Amino acid sequence: MSKYQIAWLPGDGVGNDVMDCARLVLDAMKFNAEYIHGDIGWEFWKSEGDALPERTKEMMRRTDCALFGAITSKPKEEAAKELAPGLQDKGYVYFSPIVQLRQEFNLHTNLRPCKAYAGNPLNYKDGIDIVIFRENTEGMYSGVEFFPLPQEVFDVLDRNHPKMGKFRKFGLENIALSTRIMTRQGCENIVTQAFEYAKKFGRKSVTVVDKPNVLRETGGLMLRTAREVAKQYPDIELWETNIDAQCMWLLKNPHDYEVIVAENMFGDILSDLCAQLVGGLGFACSANIGNDYAVFEPTHGSAPKYAGQYKVNPMAMILTVRMMLDWLGETEKASGLEQAVAQVISEGKVRTYDVGGENTSLEVAEAVAGKI
Ligand code: IPM
Ligand code: MG
């Protein structure tokens, strides 16, 4: 039997293209694994009313971790229109399968390194090296939402909060409510991971980003918890910033930031911003990590218009493979792969269109494989 069992989840659009690149690189490394294909994505939403079928989750539970390509996700109404005729109006509701995976497998930590590799002409500035820790299962994306607002929910809020009354006049059918649920445990976990990382890699600061001056309860909990956790790491500074100002400062002084920790939605936003600082989504890798399972996925989406053309930059996926190898404890292979990527980028001879080149995704992957 192979040393590892990897759930292989290409998903939608260019997911398949970049997964082929991942495979090419893994094979070049003689990585000893069995790859087990899983159905996931838009196709299964349309044909089965479920973008993450039960059989896929079951298969995943028997594997060590999963590698995931990309996903198409659309707002509820648009998604409903694309259901197969026989499934229309049967109460199927679209949920993003990646968000479902994070919640089902309790993948509480979304780790998103954003590093400006030397020689990448798309770097906003050279030398940027920021790692984002995004809480991945709660916060604004916890999924507890209402529309229209049920009377009971309105009443409970109204009885418990003086600010609710002013919404009565709009009528429940005109009110949508999303909740930002944060727990002390969730905050503590993500902040601790960020500090542990800073300690392990000799980083001097951790920046906790939220908006506690307005979101006083959730933001306040995050901030207080971060201060508590920080006490255990006297050598690492805790910086506290607001999300709006942080976006500005990331453009102004990107070198000031080393490790950033944030709630789910703010982390989502910041990780796209930071990706652009280091060459865009073509270079942005990520890992969804739980206590004993992890799903690795590039940050980019499914770019349907490029599907099957092997045009998109596979570096995000290849760097994601590097994260997977690291998590599996294959640290030598992981650092070898990162060095190979760094070399291909600095030589600048093989590049996809986004970096100003004309090479295909597979040619870039082959160039990386050739350096291993
Ligand atoms: C990401 C993506 C997802 C998210 C979408 C596709 C649901 O933007 O991984 O950052 O918001 O988490
Ligand atoms: Mg995102």
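The values are calculated or read from the model by the stated rules, or taken from the named source; none is laboratory data. Just so we're clear, the structure is a prediction, and the values are computed from it rather than from any experiment. Here Cβ is always computed from backbone atoms with ideal geometry, including for glycine, and neighbour counts include all displayed protein chains. For accessibility, only protein heavy atoms count, side chains too; no ligands or nucleic acids. Shrake-Rupley method; radii C 1.70, N 1.55, O 1.52, S 1.80 Å.
Some observations on this one:
- Taking each residue of region 265-276 that is under 19 Å from residue 255 (Cα atoms) and touching a residue at least 60 places away in the same chain (Cβ under 8 Å) and looking for partners that are more than 8 Å from ligand 2 (Cβ to nearest atom) and open to solvent by 40 Å² or more (accessible area, probe 1.4 Å) with beta-carbon atoms closer than 8 Å, six or more apart or interchain, yields 275/281; 276/124.
- Which listed residue, of 167, 154, is more than 27 Å from residue 225 (Cβ to Cβ), part of a helix (DSSP H, G or I) and open to solvent by less than 50 Å² (accessible area, probe 1.4 Å): 154
- Residue in region 126-149 that is aliphatic (A, V, I, L, M), open to solvent by 50 Å² or more (accessible area, probe 1.4 Å) and not in a loop (DSSP other than H, G, I, E, B) present: no
- Some residue of region 189-208 being assigned to a helix (DSSP H, G or I) and closer than 16 Å to residue 140 by Cα: yes
- For the criterion of being among the β-branched types (Val, Ile, Thr), within 22 Å of the chain's Cα centre (by Cα) and either closer than 20 Å to residue 110 by Cα or surrounded by 14 or more Cβ atoms within 10 Å (Cβ to Cβ) (or both), residue 225 fails.
- Among residues of region 279-306, those that are more than 17 Å from residue 101 (Cβ to Cβ) and either open to solvent by 40 Å² or more (accessible area, probe 1.4 Å) or hydroxyl-bearing (Ser, Thr, Tyr) (or both), counted: 4
- On the stretch given as region 103-125, residues that are among the hydroxyl-bearing types (Ser, Thr, Tyr) and in a loop (DSSP other than H, G, I, E, B) total 2.
Condition check ((1) β-branched (Val, Ile, Thr); (2) buried (at least 24 other Cβ atoms within 10 Å of the Cβ); (3) within 16 Å of ligand 1 (Cβ to nearest atom); (4) not in a helix (DSSP H, G or I)) across all residues:
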position: 276; (1), (2), (3), (4): no, no, yes, no
position: 308; (1), (2), (3), (4): no, no, no, yes
position: 313; (1), (2), (3), (4): no, yes, no, yes
position: 346; (1), (2), (3), (4): no, no, no, no
position: 365; (1), (2), (3), (4): no, yes, no, no
position: 369; (1), (2), (3), (4): no, no, no, no
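- Verdict on residue 235 being farther than 13 Å from residue 190 by Cα, open to solvent by 20 Å² or more (accessible area, probe 1.4 Å), among the acidic types (Asp, Glu) and in a helix (DSSP H, G or I): no
- When residue 253 is tested against the conditions (1) open to solvent by less than 40 Å² (accessible area, probe 1.4 Å); (2) more than 11 Å from ligand 2 (Cβ to nearest atom); (3) closer than 19 Å to residue 206 by Cβ; (4) out of contact with any Ser or Thr (no Cβ under 8 Å at 6 or more places or on another chain), the lone failure is (1).
- Matching option when the condition is over 15 Å from the mean Cα position of the chain (by Cα) and in contact (Cβ under 8 Å) with a residue 40 or more places away in the chain, among 106, 123, 110: 123
- For region 76-97, the criterion of being buried (at least 22 other Cβ atoms within 10 Å of the Cβ) and within 16 Å of ligand 1 (Cβ to nearest atom) is satisfied by at least one residue.
- Counted residues, region 209-225 - those being assigned to a helix (DSSP H, G or I) and of a type in the set (D, E, K, R): 3
- Scanning region 285-300 finds one or more residues that are touching a residue at least 12 places away in the same chain (Cβ under 8 Å), small (Gly, Ala, Ser), within 12 Å of ligand 2 (Cβ to nearest atom) and in contact with a strand residue (DSSP E or B) (Cβ under 6 Å, 6 or more places away or on another chain).
- Any helices (runs of 4 or more DSSP H) falling wholly within region 31-91 and containing at least 1 residues that are of a type in the set (S, T, N, Q): 42-48, 54-61
- Top-ranked residue in region 13-57 [being of a type in the set (Val, Ile, Thr) and farther than 25 Å from residue 282 by Cβ; ranked as surrounded by the most Cβ atoms within 10 Å (Cβ to Cβ)]: 56
- No other residue among 77, 58, 48 is in the same structural domain as residue 329 (by TED's automatic domain parsing) and at pLDDT below 95 apart from 77.
- Residue list for region 253-270, filter: more than 14 Å from ligand 1 (Cβ to nearest atom) and of a type in the set (S, T, N, Q): 253
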